[in-house]
Amino acid sequence: MKKFRDMWRQGKSVEQIRKHFKRDSWQEVIIIALDQIRWGYIKIRPDVLIVE
């Protein structure tokens, strides 16, 4: 989770995060982000739903 949070805070795109973690779907990244936002570990970003 630390690497995910770091990448999120650095402004990496959902697609960049997906590729880094070798996930099949960008939806998996969004689900993790929503969970982390809910618990206060990261903040929502205006570009969160932009998928390249």
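If each residue of separation counts as 0.36 nm, what is the full-extension length gain between residue 22 and residue 5 once their alpha-carbon separation is subtracted?
That works out to 4.5 nm of additional length.
Could you calculate the contour length gain from residue 37 to residue 12, that is, 0.36 nm times the residue separation minus the distance between their Cα atoms, to one decimal place in nm?
7.4 nm
In straight Cα distance, which aspartates and glutamates are under 12 Å from residue 43, not counting same-chain residues fewer than 8 positions off?
6, 35
Since every read-out is calculated from the coordinates, none of them should be taken as a lab result. Quick caveat, the model's predicted, so the values are computed rather than measured.
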